[in-house]
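Each remark here refers to the structure printed beneath this line.
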Amino acid sequence: MAIYNIGVSGIVCPWHGTLRRFQTSAKVYATAKLTKLKSVSKILRKFAASFCKHSPTYVQMNLSGPVDFRPKLFSALRNYSTSRFKSDLIAGVVVGIVALPLAIAFGIASGVSPTVGLITAIIGGFLVSALGGCSVQIGGPTGAFIVIVYNIIATYGLEGLAIATLMAGLILVALGIFHLGTVIKFIPYPIVVGFTAGIALTIFSTQINDFFGLGLTDLPSEFLPKWGRYLGSFGNTDWVTLGVGLVSLLIIIVTPKISKKLPGALLAIIIVTIAVWFLNSMPGFHIETIGDRFGNLPTDIPQPRGFELSMATINNLLPSAFTIAILGAIESLLSSTVADGITGSRTNSNTELIGQGIANIVVPFFGGIPVTGAIARTMTNITNGGRTPVAGIVHAVVLLLIFLFLMPLINLVPMACLAAVLIMVSYNMSGWRTVRAMLHNPKGDITVLAVTFFLTVIFDLTIAIEMGLLLAVILFLRRVMENTQVRAYSGQLDVAEGSEATTHEVLDVADGVSVYEIDGPFFFGVATKFDELMRTSMQRKPLVRIIRMRRVPFIDATGVHNLEILIKSSQKEGIHVVLSGVNQSVREVLDHSGIIEMLGADHVCDHITRAVAMANGIVTRITAERTRPDHHHMHNHDHNNHR
C-alpha cells in the first residue's frame, strides 16, 4: 500500500519512480472524466429546465463553463470609504466578541481543546471572508459539525479528522468549480430541518454531564447508551455546578430581553467566571473549569504540520468527508441566502463554495476543525452595520488578539457555563416551531423529516443525510409520476386544450386514428404508465397512433426503449406511428437513438395539426386501398416499404 506524506508543500510520494507515470495517468483520467461531465451536463440542464420551468427563478447549470471565482472582498475594496470602514470595524469587533464563547464551546463539544476552536475561528473566519462570495458571511466552527467531528475523532483520531476536513475542502472546491452552488439549494427542506433538529438534540445530550456536574468519564458516543448512563447517574448531581449552569442559562435568556445588542453568552461567561473564581478560592468549593480539564492553554500560533495519507484511510473517511462538505455547503448557502434577503446583496454561490473549500483545506494543517458560514454570527454582523468582507476579517483579527493576550483568563471559565451556552445553541438550532409547522405538510415531507431526524439522533449523521436524500428523491419521483398525465383521444381534438389560448381549433380525427398525449417528462417511471395506457385503451386496433409530445421536456433511456418497442410492435401489426410537438432537445435524443430513422422523418411533425392531417391521409389511403380487389397485396407492399 502506498502511503503519502501530506505537508504544506503538497504530496510527496516515497516511490519517486512512479510519480511521473501517476501524473500522466491522472491527466488521462481527468480528461476522460471531463468529457463525461460535459455530456452529463446536458442531461442535468434538461432535468433542471424541466422541473424548474414553473419556478419563479430559473436556474441554469453549466458544469463545463469557466471557473466562477470572484471573491466579494476585491469588488468591495474598489469603492471602499472611511465611513464604511468604521461601520465594518464596529461590526467586526462585536462579532469577534460574540464568536469567542461559541468558538471555545464548539471546540470542546467536538472533542478538541478550546485552542483548536479559536484557531479554527481565526484562520477559517479570515479565509471565508477574504475568499468567499458573500459580503457579510462570518465563518468558523458551528454546532452542525459537532456530532460528525466527535464521531470521527472517536474512531480515527485527530489525524483522521484532519484528513476528512481536507477531503471535504476539496469536495467543496470541486462543487464550486463545476457550478454546483445552485444545486445545493435544491436539497429538500425537510431534510435540512430533520438533521438540524437531530443535531440540536445530540448537542444537548452531550452537555448534560457538565451541566449537572455528574463527573462521568468514558461516556459512550451513541445517543441511547449515553442517556442510559445519565439516567443511572442523576443521583450524583453536583448541586453547586448545576446552580452555576442554571444561572448562566438564565443570563443568556434574559440578556436579549434587556438589550439585543448585548451578547448574552459572553456576558454570562464574564459574570459567572468571576463568581466561580471567588467560590473556588473558598474552602470546600471546587467547580471544574477549562483549566482543570485541559491544563494551561497555549498562546502560540501552532506551526503547520503534515499527516500521513493512505488509500485505506481515504476510503474509510470519504463518507464522513462527504457529509462535512454537504453540511458546510448547506449551512453556508442557507446563511448567505438569509443575509441576502436582509441586505439586498447577491451571493455568488460558486465562489462561496470555493472560499469555504479553501478554508477547510488550510485549517487542518494548523490542527483546526471544519469551517462553514455561521448564521447567528452573520446576523450579528449585519445587525451591527457590517456590509463588506472587511468586517469578517476584523472579527478574525479580534479573535487573534484575544488568543495572543487573554488566553490565561480563558482557563478560568467554568465548564458548566459553557454547557449552558451550548444548551442555548441547541435550543435555537432545534427549530421546534418549524418542525411543528411542517407537521401540517404532506405525509411525504413529514416522513423525510422524521427519518432524517431519528437516523441523526440514533445512528449517524452520514447515514441520516444519505438516507434522507434517497427517500426524498424516491418521494419526488413518485410525485412527478403522479402529476405526469397520459391521455388518450379519439373523434375530435381541441388543439388548445390545456393551454391559455382563448381561440380553440377543433380537429376532426378520422376513425382509425388514436391520439395519446404525454404531459410531463417521459422518464422511467412514466414510461411504464404510458405502456399500461396503450394496452388498456385499445378497444380495437387503430390504423395510426399519434403520440403528442408538446409537453415532454426530456426523455430518458427507458422512455426511448419503450417508444422503440411500441414503434416496432405497431409496425409489425401494420400500424403507423406519428410523433407530434417534439421539442429540439427531445428530437436530438430520438435522432441519436435511431427512433426518427425507424419512423421516417416525415412521421415526426412539429404541430398536432400536421400530425392529424397526415394520420387522416394515411387512414384515407389505407381505406381506399382496402376497397380494391388486390388490397391485401397493396397493404403488405405498403407495410414493407414503411418498415
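The values are calculated or read from the model by the stated rules, or taken from the named source; none is laboratory data. Computed from a prediction, not measured in an experiment: that's the story for all the values here. FYI the Cβ positions are ideal-geometry reconstructions off the backbone, even for glycines, and counts take in every protein chain you see. Remember, those area values only see protein heavy atoms, side chains included, never the ligands or the DNA or RNA. Shrake-Rupley method; radii C 1.70, N 1.55, O 1.52, S 1.80 Å.
Key figures for this structure:
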| quantity | calculated |
| --- | --- |
| Of all residues in the stretch 480-512 being touching a Leu at 6+ places or on another chain (Cβ under 7 Å) and open to solvent by less than 40 Å² (accessible area, probe 1.4 Å), the one that is modelled with the lowest pLDDT | V495 |
| Single residue of the stretch 615-635 satisfying the filter (under 60 Å from the mean Cα position of the chain (by Cα) and surrounded by fewer than 16 Cβ atoms within 10 Å (Cβ to Cβ)) that is modelled with the lowest pLDDT | H635 |
| Subset of the stretch 268-304 that is open to solvent by 90 Å² or more (accessible area, probe 1.4 Å) and not in a helix (DSSP H, G or I) - its residue that is nearest to L400 (Cα to Cα) | D300 |
| For A174: the one exception among (1) closer than 24 Å to F106 by Cβ; (2) assigned to a helix (DSSP H, G or I); (3) of a type outside the set (K, R) | (1) |
| Given (1) surrounded by fewer than 18 Cβ atoms within 10 Å (Cβ to Cβ); (2) under 35 Å from the mean Cα position of the chain (by Cα); (3) within 20 Å of A99 (Cα to Cα); (4) not polar (S, T, N, Q), number of the condition L250 does not satisfy | (2) |
| Failed item in (1) closer than 24 Å to V128 by Cβ; (2) buried (at least 22 other Cβ atoms within 10 Å of the Cβ), with P414 passing the rest | (1) |
| Answer from I90, I104, I97, I108 - the residue that is part of a helix (DSSP H, G or I), within 22 Å of M424 (Cβ to Cβ) and open to solvent by 40 Å² or more (accessible area, probe 1.4 Å) | I97 |
| Residue list for the stretch 355-378, restricted to those being open to solvent by 10 Å² or more (accessible area, probe 1.4 Å), hydrophobic (A, V, I, L, M, F, W, C) and at pLDDT 90 or above | I358, I361, V362, F365, F366 |
| Within the stretch 554-604, considering residues that are of a type in the set (K, R) and more than 35 Å from the chain's Cα centre (by Cα), the one nearest to D511 (Cα to Cα) | K572 |
| Test: residue in the stretch 360-382 that is more than 19 Å from the chain's Cα centre (by Cα) and free of Cβ contacts under 8 Å to residues at least 12 places away in the same chain | no |
| Residue in the stretch 517-533 that is at pLDDT 85 or above and in a loop (DSSP other than H, G, I, E, B) present | no |
| In the stretch 137-160, the residues that are more than 21 Å from the chain's Cα centre (by Cα) and among the hydrophobic types (A, V, I, L, M, F, W, C) | I153, A154, L158 |
| Any hit, the stretch 387-395, residues being of a type outside the set (F, W, Y) and either within 21 Å of the chain's Cα centre (by Cα) or exposed (fewer than 15 other Cβ atoms within 10 Å of the Cβ) (or both) | no |
| Subset of the stretch 601-614 [open to solvent by 20 Å² or more (accessible area, probe 1.4 Å) and outside any helix (DSSP H, G or I)] | D606, H607 |
| Hits in the stretch 209-238 (condition: farther than 14 Å from P414 by Cα and in a helix (DSSP H, G or I)) | F223, L224, P225, K226, W227, G228, R229, Y230, L231, F234, G235, N236 |
| Conditions (1) modelled with pLDDT of 90 or more; (2) open to solvent by less than 60 Å² (accessible area, probe 1.4 Å); number of the one not met by M61 | (1) |
| Count of residues meeting criterion [surrounded by 15 or more Cβ atoms within 10 Å (Cβ to Cβ) and not in a strand (DSSP E or B)] in the stretch 307-317 | 3 |
| From I148, I152, I122, residue being open to solvent by less than 30 Å² (accessible area, probe 1.4 Å), part of a helix (DSSP H, G or I), under 28 Å from P71 (Cα atoms) and in contact (Cβ under 8 Å) with a residue 40 or more places away in the chain | I122 |
| Meets criteria (free of Cβ contacts under 8 Å to residues at least 24 places away in the same chain and open to solvent by 10 Å² or more (accessible area, probe 1.4 Å)) for S81 | yes |
| The stretch 393-417 residues that are under 17 Å from D88 (Cβ atoms), paired with ones that are surrounded by fewer than 19 Cβ atoms within 10 Å (Cβ to Cβ) (beta carbon under 6 Å, 6 or more apart) | V394/L89; V398/V93 |
| The stretch 204-247, subset among the acidic types (D, E) and in contact with a Leu (Cβ under 8 Å, 6 or more places away or on another chain), residue least open to solvent (accessible area, probe 1.4 Å) | D210 |
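Yes/no matrix, rows are residues, columns are (1) within 33 Å of the chain's Cα centre (by Cα); (2) at positive phi:
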| residue | (1), (2) |
| --- | --- |
| P188 | yes, no |
| F195 | yes, no |
| T202 | yes, no |
| Q207 | yes, no |
| G213 | no, yes |
| L219 | yes, no |
| L224 | yes, no |
| G232 | no, no |
